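Notes follow once the structure below has been shown.
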Amino acid sequence: MNDNKPKTMRDAFIETVYEKMKENDRIFFVTADLGAPSLDKLKTDFKDRFINVGIAEQNLINVAVGLGLEGYIVYAYAIAPFITMRPLEQIRQSLSISSQVRPVNVNLIGIGAGLSYDVSGPTHHSLEDLSIMRLMPNFSVFSPSDWVLAKKFLDYSIGYKNPKYLRFDSKPLPTIYENADDLNIEKGFYEFSKGDNVCLVSTGYMTHRALSAAKELPGTGVIDVFLLKPANEQLLFEALKKYKYVITLEEGFINNGGLDGLISKIILDNGADIKLKRMGVDDKYAFELGGRNYLHKLFNLDEEAIIKTIKEFN
């Protein structure tokens with residue numbers, strides 16, 4: 001059992017990286033001048049394997065790739081929109097292309113998934129990253145919904161020697177995975193509840209919204225998709241095929257290859273008669289100032305909007 005006390009994904013993950021660095025001297029941690037309470041101990045105790053490149057995300061990728069090509073396991077850490085979009089050329093050339101020729105175990109940790117840097121405005125909102133990183137060949141894309149799941153991913157990240165993007169929320173969140181011992185990361189998703197006609201398929205923070213909405217409307221299915229690439233598409237289809245309606249929930253641009261793109265592909269490839277409703281952010285940025293709940297209301301992503309949509313299908 002896990003403590004339900006809210007905790008950030010990054011602290012849980014970095015604490016676990018720290019423990020692994022004690023026993024594995026092939027692990028490096030590289031940051032673009034982004035700190036965290038859990039990082040202080042790591043950089044003090046592993047000075048020879050901690051590198052701060054400064055506010056230079058392109059250089060962050062190049063340093064990480066250099067270490068990865070020498071056989072090291074590398075965690076590169078920065079704010080989500082800056083680690084995915086500012087160095088996109090380096091990600092493509094040095095990671096996506098290179099990893100097709102030889103193994104490169106570089107793990108990009110993006111902090112501030114979706115709208116979690118809510119009051120920082122559109123420059124810090126990360127709404128494009130799911131689509132961008134799913135597009136990159138040879139990459140894995142991991143989008144956890146709580147810190148237990150984030151922590152659980154570490155062994156997978158060490159064992160699979162390919163580039164990965166880890167999309168972490170910036171805020172402390174309560175656990176929704178009370179017992180992660182039997183959680184299968186490779187499966188890529190978890191079915192919290194089986195429903196009748198409608199299933200909510202969510203990722204990241206939106207799984208909290210999905211679970212809350214489903215409590216108000218018993219008989220609603222909830223599936224948390226945390227590994228968006230590679231996805232076990234056939235297994236996921238087996239979980240979806242009994243539903244008449246599927247609603248995807250994501251803090252990202254819809255109709256652009258994110259979670260909704262994955263689910264749409266699965267339905268289409270299997271010729272299923274399932275109606276799909278996509279809920280996320282439309283094709284615009286939010287300049288309005290306000291917290292996450294306020295932004296969710298603007299984009300019709302709040303619990304009230306989700307419940308209303310479910311009722312329309314029931």
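Here Asn255, Asn270, Asn197 are screened, and the one residue that is more than 17 Å from the chain's Cα centre (by Cα), closer than 27 Å to Val119 by Cα and of a type in the set (S, T, N, Q) is Asn255. Scanning the range 289-298 for residues that are over 20 Å from the mean Cα position of the chain (by Cα) and surrounded by 11 or more Cβ atoms within 10 Å (Cβ to Cβ) gives Leu289, Gly290, Tyr294, Lys297, Leu298.
Yes/no per residue for (1) touching a Lys or Arg at 6+ places or on another chain (Cβ under 9 Å); (2) of a type outside the set (Val, Ile, Thr); (3) more than 22 Å from Ser170 (Cα to Cα); (4) without any contact (Cβ under 8 Å) to a residue 12 or more places away in the chain:
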{"residue": "Thr44", "(1), (2), (3), (4)": "no, no, yes, yes"}
{"residue": "Lys47", "(1), (2), (3), (4)": "no, yes, yes, yes"}
{"residue": "Asn62", "(1), (2), (3), (4)": "no, yes, yes, no"}
{"residue": "Leu67", "(1), (2), (3), (4)": "no, yes, yes, no"}
{"residue": "Pro87", "(1), (2), (3), (4)": "no, yes, no, no"}
{"residue": "Arg102", "(1), (2), (3), (4)": "no, yes, yes, no"}
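Can you run down the residue pairs with Cβ atoms below 8 Å, 6 or more apart or on separate chains, where the first is in the range 115-130 and assigned by TED's automatic domain parsing to the domain that holds Leu228 and the partner is modelled with pLDDT under 95? Every condition considered, no pair remains. Identify the single condition in (1) touching a helix residue (DSSP H, G or I) at 6+ places or on another chain (Cβ under 7 Å); (2) exposed (fewer than 15 other Cβ atoms within 10 Å of the Cβ); (3) in a helix (DSSP H, G or I) that Gln234 does not satisfy, given that it satisfies every other one. Of everything listed in (1) touching a helix residue (DSSP H, G or I) at 6+ places or on another chain (Cβ under 7 Å); (2) exposed (fewer than 15 other Cβ atoms within 10 Å of the Cβ); (3) in a helix (DSSP H, G or I), Gln234 misses just condition (1).
The sole residue among Asp181, Asp224, Asp196 that is outside any helix (DSSP H, G or I), among the acidic types (Asp, Glu) and free of Cβ contacts under 8 Å to residues at least 12 places away in the same chain is Asp181. When Leu289, Leu298 are checked against the criterion of being among the aliphatic types (A, V, I, L, M) and either closer than 16 Å to Gly221 by Cβ or modelled with pLDDT of 95 or more (or both), a single residue qualifies: Leu298. Among the residues in the range 272-288, are any part of a loop (DSSP other than H, G, I, E, B), small (Gly, Ala, Ser), touching a His at 6+ places or on another chain (Cβ under 9 Å) and surrounded by 13 or more Cβ atoms within 10 Å (Cβ to Cβ)? Checked the range 272-288: at least one residue is part of a loop (DSSP other than H, G, I, E, B), small (Gly, Ala, Ser), touching a His at 6+ places or on another chain (Cβ under 9 Å) and surrounded by 13 or more Cβ atoms within 10 Å (Cβ to Cβ). One residue alone among Ser202, Ser212 is under 17 Å from the mean Cα position of the chain (by Cα), of a type in the set (Ser, Thr, Tyr), closer than 23 Å to Lys7 by Cα and outside the structural domain of Ser131 (by TED's automatic domain parsing), and that residue is Ser202.
Okay, residues lined up against (1) closer than 17 Å to Leu39 by Cβ; (2) more than 20 Å from the chain's Cα centre (by Cα); (3) in the same structural domain as Met206 (by TED's automatic domain parsing):
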site	(1), (2), (3)
Tyr72	no, yes, no
Pro87	no, no, no
Asn105	no, no, no
Gly110	yes, no, no
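Does Tyr165 count as more than 17 Å from Tyr72 (Cβ to Cβ), modelled with pLDDT of 95 or more and out of contact with any helix residue (DSSP H, G or I) (no Cβ under 8 Å at 6 or more places or on another chain)? For Tyr165, the condition - more than 17 Å from Tyr72 (Cβ to Cβ), modelled with pLDDT of 95 or more and out of contact with any helix residue (DSSP H, G or I) (no Cβ under 8 Å at 6 or more places or on another chain) - is not met. All of (1) touching a Phe, Trp or Tyr at 6+ places or on another chain (Cβ under 7 Å); (2) closer than 25 Å to Val281 by Cβ hold for Tyr75 with one exception: (2).
Given the structure, is Asn4 assigned by TED's automatic domain parsing to the domain that holds Ile97 and in contact (Cβ under 8 Å) with a residue 60 or more places away in the chain? When the stated conditions are applied, Asn4 does not pass them. Within the set Glu288, Glu238, the sole residue that is of a type in the set (D, E, K, R), assigned by TED's automatic domain parsing to the domain that holds Ser202 and more than 21 Å from Thr123 (Cβ to Cβ) turns out to be Glu238. Checking each residue in the range 78-127 for being among the small types (Gly, Ala, Ser) and assigned to a strand (DSSP E or B) picks out Ala78, Gly110, Gly114, Ser126.
The values are calculated or read from the model by the stated rules, or taken from the named source; none is laboratory data. Not measured: the values here are computed from a predicted model. No Cβ is skipped: glycine too gets one built from the backbone with ideal geometry, and neighbour counts run over all protein chains shown.
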